[in-house]
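Q: Just passing along the structure, written as structure tokens.
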Amino acid sequence: MNPEDAPKFTSTHRKEFRYASPDPKSALVVVYPVCSGVQWKKAAKVEALASVVEDALNRAIREEMGGSYGVICRAECGWDSDDPGQLFIQMECDPERIALFEEKTLEVLAGLAENGVTKDQHRRALKPLINQEKNADRDLGRWLGWVLSRSQGTPWFNERMKGRLGVLESTTKEHLTSLAREYLGQDAAYVFHIVGDKPADN
């Protein structure tokens with residue numbers, strides 16, 4: 001390959017998994033290690049960062065690759081584990097374009113890390129999360145069921161759940177920019193290509 005044609009945004013941590021199927025599909029999965037759930041205030045902010053990432057990728061990929069593609073991004077930080085959490089990105093794509101999707105994904109996230117989160121990105125990410133948390137806080141069943149049950153063995157769990165809304169409401173675009181710079185460097189990305197192939201004719 002001509003060095004000028006080599007992808008500018010790539011990961012040194014990459015694996016490919018192939019499988020056979022009459023109706024093969026392919027997917028790109030990108031994982032960034034993030035904080036553990038024990039750092040619960042930071043983990044709540046990482047959830048907001050995941051919303052920023054999902055929004056930015058959907059806009060970039062639909063604009064360049066077509067409106068039929070969609071991106072899922074979520075943060076998975078355990079509530080009571082010191083193990084690192086994950087910022088998890090997944091999208092279905094055509095097998096022959098999976099490398100292009102990888103490069104575009106890493107380019108967008110490197111851009112967030114370098115240029116920071118904009119005011120509009122912050123607003124689009126936080127508003128639905130805050131509304132969702134407010135609605136959840138009004139759900140008595142949530143508190144009498146899931147939260148009360150978890151709090152029996154882990155008394156701090158109730159305090160964390162009561163504090164989530166305040167953390168989200170106080171999260172600024174500067175907080176999200178700091179997290180993007182901490183976690184979204186392209187060298188930190190673990191990339192997985194899941195490629196489907198039609199079975200060979202016998």
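The values are calculated or read from the model by the stated rules, or taken from the named source; none is laboratory data. Nothing here was measured: the structure is a model prediction, and the numbers come from that model. Here Cβ is always computed from backbone atoms with ideal geometry, including for glycine, and neighbour counts include all displayed protein chains.
Q: Residues of the stretch 90-112 being more than 13 Å from HIS193 (Cβ to Cβ) and within 11 Å of the chain's Cα centre (by Cα), which ones?
A: LEU109
Q: While we're on this one: Just to be sure I understand the filter: pairs with C-beta atoms under 6 Å, separated by 6 or more residues or on different chains, first member in the stretch 141-160 and closer than 19 Å to ALA44 by Cα, second member part of a helix (DSSP H, G or I) and of a type in the set (Phe, Trp, Tyr). Which pairs pass?
A: The qualifying pairs are ARG150/PHE157; SER151/PHE157; ARG160/TRP40.
Q: Give the number of residues within the stretch 170-202 that are in contact (Cβ under 8 Å) with a residue 40 or more places away in the chain, surrounded by 12 or more Cβ atoms within 10 Å (Cβ to Cβ) and part of a helix (DSSP H, G or I).
A: 10
Q: Look through VAL46, VAL31, VAL38 and report the one residue that is at pLDDT 85 or above, surrounded by 14 or more Cβ atoms within 10 Å (Cβ to Cβ) and either over 10 Å from the mean Cα position of the chain (by Cα) or closer than 26 Å to ASP120 by Cβ (or both). Step through it out loud before you land on a result.
A: On the way: VAL31 fails: either over 10 Å from the mean Cα position of the chain (by Cα) or closer than 26 Å to ASP120 by Cβ (or both); VAL38 fails: at pLDDT 85 or above.
So the residue among VAL46, VAL31, VAL38 that is at pLDDT 85 or above, surrounded by 14 or more Cβ atoms within 10 Å (Cβ to Cβ) and either over 10 Å from the mean Cα position of the chain (by Cα) or closer than 26 Å to ASP120 by Cβ (or both) is VAL46.
Q: When residues of the stretch 1-28 are filtered for being under 25 Å from LEU112 (Cα atoms) and modelled with pLDDT of 90 or more, how many remain? Explain how you work it out, then say what you get.
A: Let us first name the residues in the stretch 1-28 that are under 25 Å from LEU112 (Cα atoms), namely 4-15, 27-28.
Now narrow it down to the ones that are modelled with pLDDT of 90 or more: 15, 27-28.
Residues flagged as under 25 Å from LEU112 (Cα atoms) and modelled with pLDDT of 90 or more within the stretch 1-28 amount to 3.
Q: Go through the residues of the stretch 179-190 one by one and say whether even a single one is touching a strand residue (DSSP E or B) at 6+ places or on another chain (Cβ under 9 Å), within 30 Å of PRO22 (Cα to Cα) and at pLDDT 85 or above. If you could, list the steps in order and put the result at the bottom.
A: Narrowing the stretch 179-190 to residues touching a strand residue (DSSP E or B) at 6+ places or on another chain (Cβ under 9 Å): 179, 182-185, 187-190.
Cutting the leftovers down to within 30 Å of PRO22 (Cα to Cα) gives us 190.
With at pLDDT 85 or above added as a condition, the list becomes 190.
Yes, the stretch 179-190 contains a residue that is touching a strand residue (DSSP E or B) at 6+ places or on another chain (Cβ under 9 Å), within 30 Å of PRO22 (Cα to Cα) and at pLDDT 85 or above.
Q: If the requirement is being at positive phi and buried (at least 16 other Cβ atoms within 10 Å of the Cβ), which of these qualifies: GLY66, GLY116, GLY85? Steps first, please.
A: Numbers: GLY66 fails: buried (at least 16 other Cβ atoms within 10 Å of the Cβ); GLY85 fails: at positive phi.
Criteria check complete, one pass: GLY116.
Q: May I pose another question? Given the conditions (1) of a type in the set (S, T, N, Q); (2) surrounded by fewer than 16 Cβ atoms within 10 Å (Cβ to Cβ); (3) over 30 Å from PHE101 (Cβ atoms), which single one is not true for SER151?
A: Tallying (1) of a type in the set (S, T, N, Q); (2) surrounded by fewer than 16 Cβ atoms within 10 Å (Cβ to Cβ); (3) over 30 Å from PHE101 (Cβ atoms), SER151 fails exactly one: (2).
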